[in-house]
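Trainee: Please read through the structure below; I'll follow up with questions.
The values are calculated or read from the model by the stated rules, or taken from the named source; none is laboratory data. Please read all numbers here as calculations on a predicted model, not as lab measurements. Counting neighbours? That spans all protein chains shown, and the Cβs are built from the backbone with ideal geometry, glycine included. Areas reflect the complete protein model, heavy atoms only, side chains present, ligands, DNA and RNA absent. Shrake-Rupley method; radii C 1.70, N 1.55, O 1.52, S 1.80 Å.
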Amino acid sequence: MAGQVKSRKRVQEHGEVFTNEREVNAMLDMVKQETERIDSRFLEPACGDGNFLVEVLRRKLDVVDKRYRKSQHEWEKYAFVAIGSIYGVGLLHDNVEACRSRLYDMVEERYRRVAEESPNPAFFGAARFVLGRNILDGNALSLKAVDEYGNDTDEPIIFSEWSIVMGDKVKRRDFRLDEMLEGSADEPQIPLFGSNGTPASEWELDQETGSLIPKPIREYTPTSFYEVMNVE
């Protein structure tokens, strides 16, 4: 268990045990093709400090490097897509902060290799903003946001979907996680941004996937992916 727990108290109070790298890779290799799709979405409902999500992002950025390394702009665009496809919920705020930092540090390190002497500050800002929206303090059992002590609040967990809609434009839409996962315990869960049988009047057709998705609680005007943090 060395390296998999921070303290006995945290294990007792929160069931906190971290998955080691070998196990992470073994599980992700079972869906290897999806981990190497830049835009495939992953949700880790108990993300801890990010062991699973860091490896998913590493695999996605490997693909971005391979395909777009010769063009800084194209690398920025598809790295943004990769970052925006990763979601996590954490009960303990220090873990959420650590997860965001690990993901951002990986992006920054990779980006500086590509940008060399001319990194775009706007890309750094966009990456930080999206990670702040995608890696959230929350309780994946109650589907509620939590306070800094890990206690449920009255607020639902709300995620943002980031979709490239034209050129460099990004469409942001916000969804409640509980609505995405609605259904009884003995029915299959609705996958992230998909559906499985909720009444059609409560859903809308996703033209890209051909599936029904819950209606967003808020939509934003499409904007450059460099400017997503300026359209709150």
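Trainee: What does the extension gain come out to for ARG37 and SER71, with contour length at 0.36 nm per residue minus their alpha carbon separation?
Mentor: 10.3 nm is the gain from fully extending ARG37 to SER71.
Trainee: What is the spin-label model distance, in nm, from ALA122 to MET229 if the labels are put 7 Å beyond Cα along the C-beta direction?
Mentor: With each label point 7 Å from Cα toward Cβ, the separation is 1.3 nm.
Trainee: How much of the accessible area of the stretch 58-167, probe 1.4 Å, is carbon plus sulfur, in whole percent?
Mentor: That share works out to 48 percent.
Trainee: Counting other C-beta atoms within 10 Å, and keeping those with at most 10, which DSSP coil trypsin sites (Lys or Arg not before Pro) do you find in the stretch 59-140?
Mentor: LYS70
Trainee: Given the whole protein assembly as supplied and a 1.4 Å probe, what does the accessible area of THR221 come to in Å², nearest 10?
Mentor: 110
Trainee: Between ARG58 and LYS169, how high is the FRET efficiency from 1/(1 + (r/R0)^6) when r is the Cβ-Cβ distance and R₀ = 45 Å? Nearest 0.05.
Mentor: 0.95
Trainee: List, in order, the whole-Hz ³J(HN,Hα) value for each residue of the stretch 127-144 obtained from phi through the Karplus relation with A = 6.51, B = -1.76, C = 1.60 and θ = phi - 60°; use x for Gly and Pro.
Mentor: Taking θ as phi minus 60°, the curve returns 4, 4, 5, 5, 4, x, 7, 9, 10, 10, 6, x, 10, 6, 7, 8, 6, 10 Hz for the stretch 127-144.
Trainee: Non-local amide H neighbours of GLU161 (under 5 Å, H modeled in plane, Pro and chain starts lacking H): which ones?
Mentor: Residues meeting the amide H criterion: ARG173, ASP174, PHE175.
Trainee: Mind grabbing the accessible area of TYR68 for me, 1.4 Å probe, Å², rounded to tens?
Mentor: 50
Trainee: Are there GluC sites (Glu not before Pro) in the stretch 93-172 that DSSP marks as loop and that have at most 15 other Cβ atoms within 10 Å, and which are they?
Mentor: Answer in residue order: GLU116, GLU117, GLU148.
Trainee: Still on this structure: Please list LYS169, LYS215 from largest to smallest accessible area, probe radius 1.4 Å, with all protein chains kept in place.
Mentor: Order by accessible area, largest first: LYS215, LYS169.
Trainee: Quick check: from the Cα gyration tensor, does the stretch 128-187 come out rounded (a/c under 1.5), prolate or oblate?
Mentor: Note, shape of the stretch 128-187 comes out oblate.
Trainee: Send over a whole-number figure in Å² for the accessible area per residue of the stretch 40-134, probe 1.4 Å.
Mentor: Here the per-residue accessible area is 41 Å².
Trainee: Here's another thing I want to ask about it. Counting only the heavy atoms of the protein chains, how much of GLU179 is accessible to a 1.4 Å probe, in Å² to the nearest 10?
Mentor: Surface open to solvent at GLU179 totals about 60 Å².
Trainee: Still on this structure, I have one more. Starting from the Cα gyration tensor of the stretch 52-104, take the square roots of the eigenvalues, sort them a ≥ b ≥ c, and report rounded, prolate or oblate (rounded when a/c is under 1.5, otherwise prolate if a/b is larger than b/c, else oblate).
Mentor: Prolate, since a/c reaches 1.5 and a/b exceeds b/c.
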